[in-house]
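Data first, discussion second: the structure below is written as structure tokens.
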Amino acid sequence: MTKMHDRILAAGACALALGVCSTAGAATITPPGAGGAAIPFSAVGPAVVSKSGVDVDCTAVFSGTVDGAGNILITSAAFKGIPVCRMIKASATAAAPWVGKVTSFNQLTIDQVMVNVNTPILGGQCGPSLVGGHIADSGSETTISLSAAPLAGGCAISATLTTTPYMHVTP
């Protein structure tokens, strides 16, 4: 086999084993707080939570912090809108945050994502799962997008969230 073929196989094995391959000098998100202190952020926008093929259109409201190393800690997540949206309870708390990491200039992962759908027929827990998404930095606005990100238990989340404050993705 060629060296290039070996590298492709190694990269594929790494992706399968870890879910995400990271390299030295990986992308990060800034600005960190003074002296590397965590800064608070919120991310809000339209979301669709699917459970067993049934879609629920909601507004997602996530909040948390970004630390000096670029780790995203989502400590609160809620789904608002029609009454069934309020029946979707997210697990993110300060004691058990969802942990996000920018893995490349426009990719991120969020780990420990879990929701409990409290409806009589299609209810149940989904996750915890590692989900992948996109992060876009327009120079004045940061957008986090999830596209039918699957959760164990038959759920998926799609969302387009805009952060406040603006956060810069650094390659």
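So in region 128-142, with the set limited to residues that are within 18 Å of Val61 (Cβ to Cβ) and at pLDDT 95 or above, which one is surrounded by the most Cβ atoms within 10 Å (Cβ to Cβ)?
So the residue we want is Val131.
Go through region 32-57 and count every residue that is of a type in the set (S, T, N, Q) and open to solvent by 60 Å² or more (accessible area, probe 1.4 Å).
So the answer is 1.
Counting only residues that are farther than 14 Å from Val99 by Cβ and touching a Pro at 6+ places or on another chain (Cβ under 9 Å), which one in region 58-75 is surrounded by the most Cβ atoms within 10 Å (Cβ to Cβ)?
Ala60
How many residues are open to solvent by 70 Å² or more (accessible area, probe 1.4 Å) and among the polar types (S, T, N, Q) when one looks only at region 86-127?
Within region 86-127, residues that are open to solvent by 70 Å² or more (accessible area, probe 1.4 Å) and among the polar types (S, T, N, Q) number 4.
Condition check ((1) under 17 Å from Gly133 (Cα atoms); (2) modelled with pLDDT of 95 or more) across all residues:
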{"position": "Ala27", "(1), (2)": "yes, no"}
{"position": "Pro31", "(1), (2)": "no, no"}
{"position": "Gly36", "(1), (2)": "no, no"}
{"position": "Ile39", "(1), (2)": "no, no"}
{"position": "Val48", "(1), (2)": "yes, yes"}
{"position": "Cys58", "(1), (2)": "no, yes"}
{"position": "Ala77", "(1), (2)": "yes, yes"}
{"position": "Ile82", "(1), (2)": "no, yes"}
{"position": "Ala90", "(1), (2)": "no, yes"}
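Name the residues in region 107-120 that are of a type outside the set (D, E, K, R) and over 13 Å from Val56 (Cβ atoms), would you?
Answer for region 107-120, where residues must be of a type outside the set (D, E, K, R) and over 13 Å from Val56 (Cβ atoms): Gln107, Leu108, Thr109, Ile110, Gln112, Val113, Met114, Asn116, Pro120.
Among the residues in region 100-113, are any in contact with an Asp or Glu (Cβ under 9 Å, 6 or more places away or on another chain) and of a type in the set (Phe, Trp, Tyr)?
There is at least one residue in region 100-113 that is in contact with an Asp or Glu (Cβ under 9 Å, 6 or more places away or on another chain) and of a type in the set (Phe, Trp, Tyr).
Looking at region 126-137, I want the residues that are in contact (Cβ under 8 Å) with a residue 60 or more places away in the chain and over 17 Å from Val102 (Cα atoms) and have a partner that is among the charged types (D, E, K, R) and assigned to a strand (DSSP E or B) with Cβ atoms under 9 Å, at least 6 apart or on another chain. Which pairs are those?
Close Cβ pairs satisfying both conditions: Cys126/Lys51.
If you check Leu146 against the conditions, is it open to solvent by 10 Å² or more (accessible area, probe 1.4 Å), hydrophobic (A, V, I, L, M, F, W, C) and in contact with an Asp or Glu (Cβ under 6 Å, 6 or more places away or on another chain)?
So Leu146 fails the test.
Within region 149-159, which residues are of a type outside the set (Gly, Ala, Ser) and either buried (at least 19 other Cβ atoms within 10 Å of the Cβ) or closer than 14 Å to Ile72 by Cβ (or both)?
If the condition is that a residue be of a type outside the set (Gly, Ala, Ser) and either buried (at least 19 other Cβ atoms within 10 Å of the Cβ) or closer than 14 Å to Ile72 by Cβ (or both), then Leu151, Cys155, Ile157 are the ones that fit.
The values are calculated or read from the model by the stated rules, or taken from the named source; none is laboratory data. Given the structure is predicted, the values throughout are model-derived calculations rather than measurements. Methodologically, a virtual Cβ is constructed for each residue, glycine included, from the backbone with ideal geometry; neighbour enumeration extends over all protein chains shown. Please note that ligands, DNA and RNA were not included when accessible areas were found on the heavy atoms of the full protein model with its side chains. Shrake-Rupley method; radii C 1.70, N 1.55, O 1.52, S 1.80 Å.
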